[in-house]
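Everything on this sheet refers to the single structure shown next.
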Amino acid sequence: MSTHQPHAAAESRTGLAMGMRGCVEGETCSSDRPGHGLHAMQDRLSRIAASRWVDAVVTASGADGFVELLDLDGGVHRVWHHGAFTGQLAVGDPVALHGVYGVLARGDDRFSVAAV
């Protein structure tokens with residue numbers, strides 16, 4: 001029988017972007033939550049489930065990381081990425097969105113996104 005041992009209090013590391021714990025600005029963000037770093041498993045699963053990709057066009061891209069997409073069936077999607085896609089996405093760019101695994105693709109580039 002084990003004895004109850006109290007756990008040490010977790011250190012709060014609240015970031016600026018969407019109040020995510022473990023999130024800091026720029027390249028030093030180590031979070032693998034949706035919209036942050038693309039986890040290897042997330043990337044692999046999105047490639048395996050290829051039938052779930054939706055082709056879309058960027059209709060709005062803000063410096064705050066929010067992007068609006070219009071898919072080819074007329075559906076509107078709004079996603080968020082911590083890196084804000086600075087210099088990587090522009091209005092009119094063709095992209096593909098994998099809604100199941102939260103991945104946005106532009107050419108060979110893949111980004112983890114959070115649906116909002």
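The values are calculated or read from the model by the stated rules, or taken from the named source; none is laboratory data. Keep in mind that what you see is a predicted model, and the values were worked out from it rather than measured. So basically every Cβ, Gly included, is an ideal-geometry build from the backbone, and we count neighbours across all protein chains shown. Calculation scope for accessible area: heavy atoms of the full protein, side chains included, ligands and nucleic acids excluded. Shrake-Rupley method; radii C 1.70, N 1.55, O 1.52, S 1.80 Å.
Apply the a/c threshold of 1.5 to the C-alpha gyration tensor of segment 38-101 and tell me whether it is rounded, prolate or oblate.
Working: a/c = 2.25, a/b = 1.25, b/c = 1.79.
Since a/c reaches 1.5 but b/c is at least a/b, the shape of segment 38-101 is classed as oblate.
So who's got an amide H within less than 5 Å of the one on V103, skipping anything under 5 residues away but keeping other chains? H placed 1.01 Å off N, in plane.
H98, V113
Rank these residues by their accessible area, most exposed first, probe 1.4 Å: T59, T86. Don't skip to the end; give the middle numbers.
On the way: T59 65, T86 110 Å².
Result, largest first: T86, T59.
Taking the Cα-to-Cβ direction at R106 and at A49 and moving 7 Å from each Cα, how far apart do the two end points lie in nm?
2.4
With labels modelled as points extended 7 Å from the Cα through the Cβ direction, what inter-label distance (nm, one decimal) is found for A90 paired with D64?
Output for this residue pair reads 2.4 nm.
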